[in-house]
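One structure is given here, and the rest of the page talks about it.
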There are 2 protein chains.
Amino acid sequence: MTITQQIILKSRPEGRPTEDNFELIECPLKAPQDGEVLCKNLFLSLDPYMRSQIAGRHISGAIPEGGILLGETVAEVIESNNASYTVGDRILIQGGWQTYTVLKPESARPIDPRIAPASLALGVLGMPGLTAYAGIQYLAEAKKGDTLVVSAASGAVGSMVGQFAKTKGCHVIGIAGSKEKCDWLVKEAGFDACINYKENSVADEIDRLCSKGVDIYFDNVGGPILDDIMWRLAVGARVVLCGLMAQINSEDRPAGPNPATIIKARATVRGLVVYDFWDKMPEMVDCFAPLIAANKLKFIEDISVGIDQAPVAFARLMRGENYGKTIIKLG
Amino acid sequence: MTITQQIILKSRPEGRPTEDNFELIECPLKAPQDGEVLCKNLFLSLDPYMRSQIAGRHISGAIPEGGILLGETVAEVIESNNASYTVGDRILIQGGWQTYTVLKPESARPIDPRIAPASLALGVLGMPGLTAYAGIQYLAEAKKGDTLVVSAASGAVGSMVGQFAKTKGCHVIGIAGSKEKCDWLVKEAGFDACINYKENSVADEIDRLCSKGVDIYFDNVGGPILDDIMWRLAVGARVVLCGLMAQINSEDRPAGPNPATIIKARATVRGLVVYDFWDKMPEMVDCFAPLIAANKLKFIEDISVGIDQAPVAFARLMRGENYGKTIIKLG
């Protein structure tokens, strides 16, 4: 019998989660039944949207108190009762925050052989990469010469948004929370500039860096940064709303920007939910994998080792202290 | 020498304007110089955007204290020093709040002969009609079966939005501020329902009337009504932001809806400024004039007589007590 180590939600956090909201338990797994596979999880993805699952308000599902945390894993099949899978197969599954998973692999996906290391299937060549790709390719109407601003710019989504926009000929300005992050974005990822919002006024810096206004704003945060940018849109601007980091740890639903900001700029503001673009995953890999192989798209993985580190790493992500894509290495 | 009676801005209002903020004066007009015409103004249009001009923050211009109020008029040429115009011509001009105007008619437009009475060139077959037309035709992506909600629904823009959307096969719900207005919209203008926001909760009524959510929201007000609707958008909703009646009399720029409303619905929110669509005026008249002639588009004109009535009528418009398109008859 296989024993899985898993992280459950001990108590629903108020505000930012801490390690104390989680608990590591061990439990036996039933052997895989007909059609099922037993997987060893190699890498677990930690993502901001999980905070909304914990609060019970995410479209992808809710976590009850005492329930296992949900999450995507890169996994290896170690026992198979499903004709489509053989031992040794590496697949992407909804494995959860645990070391082993038994499941009917109906929504499992094979890992594209161009994705190496395999952990990238959780980051720049997975859901966050697809988020960036879909936003720029399908919603932002990006064109050469546009000034694009992206917040949470060093995160898994933000860093790809900026770099992909650069390939479209945009002038790219990031917003991030430390000098180290800003330096990486400008020196390594090729951003034209980066605003450290903890040290500088976003409004003043945008005025200085975007004297003709912001043509595209890719928002991962909401809150005051969104408001500052909305008042500084160029006529015809496009805004992609993607993340809500500024309110994700709050029960409140604070107000947003005044509608005059949108009228004044004749802006088009669109909401992005990556699941709507899931069928574009191969298209995204076609686009990004060669650029990554050629070292033309840079990325950072923030890897912790061991399932017991998941709560610590998630709390750090919620404090904005992660540096690149947050991954737990389990294998 | 021609004497014009004109309304000037005596004092900049705080909050809603009253008659006391305006003053009627008489002044002599210079004879028309080379290229100029002298016009007798027959009808003056009063519109909500003028409040923003008075506050000095409208894209079309600002009114200094002591200055004449701006506004579009239907005018008759009574003296011409311009080869393109002859005495008796009826034209649309930026005549201002006055009885006579001398100007170089560079941006004057002839009145389409299908527009009768001529006052309609200021309303349903003029700028407000074009606003409704552009919003539905170019921004709302209206299609058969969509549920459309429009606020300030009995106004010059709102009533045309709803009726035009009906011709596209939409299910149309208005929001207006009196039983009389709601009755007219349902019984005369063919709206499917109308919410009297002064008597009922907009949120509750939308929940009741739009159980599948709102596909298109055409917003003329901002404020709490906008917020109520944004939380009730259907997936894939389109929102056209057009007017700001809820904040037009305030110096504050209050916050707007939470960005989660847009993400959740994968909505597309667009700002509408009618001047961007000015070249579509003939196209709008082609579309609306036959429908009006066939009595298939209903309208109301709220006509007061005499330039001295302009401040009274404008104050009434600002209190939402107008009923249809506000016009001052001068001729």
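Read the figures in this text as sums done on the coordinates, not as results from a lab. These figures come from a predicted structure and were not determined experimentally. Here Cβ is always computed from backbone atoms with ideal geometry, including for glycine, and neighbour counts include all displayed protein chains.
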A correct Kirkwood calculation over the Cα atoms of segment B:109-199 returns a hydrodynamic radius in Å of 13.4
Would you kindly calculate the translational diffusion coefficient of the protein assembly as shown, applying Stokes-Einstein with the Kirkwood radius from alpha carbon pairs, for 37 °C and a viscosity of 0.692 mPa s, and quote it in µm² s⁻¹ without decimals? 118
5 Å binning of all Cα-Cα separations within segment A:205-255, expressed as whole percents from 0 upward: 5, 20, 28, 22, 13, 8, 4, 0
With +1 on the Cβ of every Lys and Arg and -1 on the Cβ of every Asp and Glu, the dipole magnitude of segment B:230-318 about its Cα centre, in debye rounded to the nearest 20, is 660
If each label sits 7 angstrom from Cα along the C-beta direction, how far apart, in nm, is residue A:19 from its counterparts in the other copies? 7.5
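Kindly state, to the nearest 0.05, the FRET efficiency for residue A:81 paired with residue B:255, given R0 = 45 Å and r defined as their beta-carbon distance. Write out the running numbers ahead of the final one.
Numbers: r = 55 Å, r/R0 = 1.22.
Once the sixth-power term is evaluated, E becomes 0.25.
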Average beta carbon contacts from partner chains per residue of B:217-223, 10 Å cutoff: 1
Other copies of residue A:250: label-to-label distances in nm, shortest first, labels 7 Å along the beta-carbon direction: 1.8
Determine the relative contact order of chain B: mean sequence separation of Cα pairs under 8 Å and six or more apart, normalised by residue count, in whole percent. 18
Checking rank on B:169-177, A:46-54, with mean other Cβ inside 10 Å and highest first, the result is B:169-177, A:46-54
Roughly how many debye, to the nearest 20, is the charge dipole of chain B about its Cα centre, given +1 on each Lys and Arg Cβ, -1 on each Asp and Glu Cβ, and no other charges? 880
Residue among A:31, A:240, B:80 farthest towards the positive dipole end of the protein assembly as shown, charges placed on Cβ: B:80
Rounded to the nearest angstrom and ordered from largest down, what semi-axes does the equivalent ellipsoid of segment B:1-127 get from its C-alpha gyration tensor (root of 5λ)? 25, 18, 12
Expressed as a percent, the portion of alpha-carbon pairs in segment A:216-299 spaced more than 19 Å apart is 53
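Rounded to the nearest 500, what is chain A's calculated 222 nm mean residue ellipticity when only DSSP H runs of at least 4 contribute -39500 (n - 2.57) each, over all residues? Show your work: numbers first, answer last.
On the way: 9 runs with 79 residues, N = 331.
Rounded to the nearest 500, it is -6500 deg cm²/dmol.
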Which Rg and Dmax, in Å, describe the Cα atoms of chain B? 20.2, 65
Holding the Cα-Cα limit at 20 Å, pick out from B:198/B:264; A:10/A:325; A:144/A:166; A:181/A:298 the pairs that are longer than that. B:198/B:264; A:10/A:325
Using alpha carbon centers only, segment B:156-201 is separated from segment A:25-49 by a whole-angstrom value of 55
Taking the number of other C-beta atoms within 10 Å as the exposure measure, put A:235, B:214 in order starting with the fewest. A:235, B:214
Just report the Cα centroid separation between segment B:257-328 and segment A:76-116, whole Å. 58
Given the rotation that superposes chain B on chain A, what residue of B brings its beta carbon nearest the axis, and what is the distance in Å? B:255, 2
Mind checking A:247-258 for the average number of partner chain beta-carbons within 10 Å of each residue's beta-carbon? 4
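Report the calculated FRET efficiency for residue B:90 and residue B:57 (r = Cβ-Cβ distance, R0 = 30 Å), to the nearest 0.05.
Rounded to the nearest 0.05, the efficiency is 0.40.
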If every alpha-carbon in segment B:140-191 counts as one equal scatterer, what log10 I(q)/I(0) does Debye give at q = 0.22, 0.24 1/Å? -0.68, -0.80
For residue B:209, place a label point 7 Å from Cα along the Cα-to-Cβ direction in every copy; what are the distances to the other copies, in nm, shortest first? 4.5
Counting every C-alpha pair in segment B:43-194, the percent lying more than 21 Å apart is 55
Could you work out the mean count of beta carbons from other protein chains within 10 Å of each residue's beta carbon in A:269-276? 5
Run a plain Debye calculation on segment B:257-315 (Cα atoms as equal point scatterers, no solvent) and give log10 I(q)/I(0) at q = 0.13, 0.17, 0.19 Å⁻¹, rounded to two decimals, same order as the q list. -0.77, -0.93, -0.92
Counting other beta carbons within 10 Å of each Cβ, put A:184, A:278 in order, fewest first. A:278, A:184
proj_area_mean for segment A:31-101 (convex hull on C-alpha atoms), units nm², value 5.2
When a footprinting reagent is the concern and you count Cβ atoms within 10 Å, what order do B:281, B:160 take, fewest first? B:281, B:160
